[in-house]
Amino acid sequence: MQKRLVRKLDLENAISEIPPHPAPKAYLEQYTITPQAAAEILYIAAYINDDIIDKTVVDLGCGTGRLGIGAAVLGAKQTIGVDVDKVAIRIAQRSAENMGIVEKTSWVTADLNAIHGKFDTILQNPPFGVQKRRADREFIKKSLELGDRIYSIHKGSERNRRLIRRLRSRGTRSISTQPSPFLKRFIEKYGGRIREVYAMLMEIPHMFDFHDKKKHRFIVDLYVIDGSHTLKS
């Protein structure tokens with residue numbers, strides 16, 4: 001198992017080798033997470049909170065597997081990636097094989113409701129609800145059922161230019177911030193508790209016809225959540 005510290009740059013480089021979806025679907029909001037954002041999330045999970053190394057990890061809505069494969073690279077005991085898109089799952093499987101971690105990863109083409117059990121850590125980059133309102137809520141509910149600790153990405157203050165400048169000028173990948181009161185109430189309603197929220201900078205290229213810029217830079221919030229299993233124990 002991975003015990004030594006993996007440099008963040010090495011992790012970013014490894015994640016960058018995992019291809020994005022070749023034909024993303026707008027209605028599924030299939031935006032591939034950047035290597036920089038993925039590495040930051042995994043570093044927080046692994047080296048600040050000890051939630052990756054030797055842990056069982058599920059990547060819900062895994063896409064092409066960047067978070068799940070990154071967790072395996074850092075030393076997760078077992079990683080399961082789940083997505084409804086067969087093409088994305090095939091890319092994740094192929095990438096895991098190319099990186100020599102196939103024995104530590106499993107990839108499942110399925111809806112969220114097909115996953116049952118109890119896991120140490122849940123990673124998820126759910127739809128933000130732009131195409132389907134509150135699409136991220138089902139991911140939150142399911143992750144709270146499955147995991148002791150959840151790392152969930154949600155749409156932040158997109159127009160907060162001051163925060164974007166802070167993230168760019170400080171040369172850092174994340175800044176502690178306050179949770180959305182709506183998400184806070186929803187998470188607590190279903191038995192979870194927010195431990196920390198980090199604002200992060202995300203950038204996506206022009207992907208769909210309704211995009212009017214070559215690149216779009218915006219804020220996402222990473223929620224670190226205690227699941228209901230943790231709070232009951």
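So that you can scan it fast, the table gives a plain yes or no per residue for (1) touching a helix residue (DSSP H, G or I) at 6+ places or on another chain (Cβ under 8 Å); (2) part of a strand (DSSP E or B); (3) among the acidic types (Asp, Glu); (4) at pLDDT below 90:
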position: LEU123; (1), (2), (3), (4): yes, yes, no, no
position: PHE139; (1), (2), (3), (4): yes, no, no, no
position: GLU145; (1), (2), (3), (4): yes, no, yes, no
position: ARG149; (1), (2), (3), (4): yes, yes, no, no
position: ARG168; (1), (2), (3), (4): no, no, no, yes
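Got a sec? Which of LEU5, LEU42, LEU60, LEU11 is of a type outside the set (Gly, Ala, Ser), over 15 Å from SER152 (Cα atoms) and either crowded, with 24+ Cβ neighbours inside 10 Å or touching a Pro at 6+ places or on another chain (Cβ under 9 Å) (or both)? Before you say what the answer is, go through the steps one by one.
Numbers: LEU5 fails: either crowded, with 24+ Cβ neighbours inside 10 Å or touching a Pro at 6+ places or on another chain (Cβ under 9 Å) (or both); LEU42 fails: over 15 Å from SER152 (Cα atoms); LEU60 fails: over 15 Å from SER152 (Cα atoms).
One residue alone meets the criteria, LEU11.
Go through region 37-57 and give me each residue that's touching a helix residue (DSSP H, G or I) at 6+ places or on another chain (Cβ under 6 Å) and over 15 Å from LEU5 (Cβ atoms).
Within region 37-57, ALA38, ASP51, VAL57 qualify.
Of all residues in region 65-86, how many are of a type in the set (Val, Ile, Thr) and modelled with pLDDT under 95? Reasoning before the result, please.
Restricting attention to region 65-86, the residues satisfying the condition of being of a type in the set (Val, Ile, Thr) are 69, 73, 79-80, 82, 84.
Right, trim to modelled with pLDDT under 95 and you get 84.
Matching residues across region 65-86 total 1.
Which of the residues that make up region 178-204 are hydroxyl-bearing (Ser, Thr, Tyr) and outside any strand (DSSP E or B)? Write out each step before concluding.
Step one: of region 178-204, the residues hydroxyl-bearing (Ser, Thr, Tyr) are 180, 190, 198.
Once the filter is applied, which keeps residues that are hydroxyl-bearing (Ser, Thr, Tyr) and outside any strand (DSSP E or B), region 178-204 yields SER180, TYR190.
Do any residues in region 94-106 that are more than 19 Å from PRO20 (Cβ to Cβ) have Cβ atoms under 8 Å from those of residues that are part of a strand (DSSP E or B), where the two are at least six apart or on different chains, and which pairs are they?
Filtered contacts from region 94-106: LYS104/GLN78; LYS104/THR79; SER106/GLN78; SER106/THR79; SER106/ILE80; SER106/GLY81.
With respect to the numbered conditions (1) in contact with a Gly (Cβ under 7 Å, 6 or more places away or on another chain); (2) surrounded by fewer than 24 Cβ atoms within 10 Å (Cβ to Cβ); (3) not in a loop (DSSP other than H, G, I, E, B), which one is the sole condition not fulfilled by THR79?
(2)
Tell me the residue from ASP51, ASP85 that is more than 16 Å from the chain's Cα centre (by Cα), buried (at least 17 other Cβ atoms within 10 Å of the Cβ) and in contact (Cβ under 8 Å) with a residue 60 or more places away in the chain, please.
Values: ASP51 fails: more than 16 Å from the chain's Cα centre (by Cα).
ASP85 is the lone residue from the list that is more than 16 Å from the chain's Cα centre (by Cα), buried (at least 17 other Cβ atoms within 10 Å of the Cβ) and in contact (Cβ under 8 Å) with a residue 60 or more places away in the chain.
For ILE91, which of the numbered conditions (1) in contact with a Leu (Cβ under 8 Å, 6 or more places away or on another chain); (2) outside any strand (DSSP E or B); (3) in contact (Cβ under 8 Å) with a residue 60 or more places away in the chain fails to hold?
(1)
The values are calculated or read from the model by the stated rules, or taken from the named source; none is laboratory data. Quick caveat: nothing in here was measured; it's all calculated off a predicted structure. Quick reminder, even Gly has a Cβ in these numbers, built from the backbone with ideal geometry, and neighbours come from all protein chains shown.
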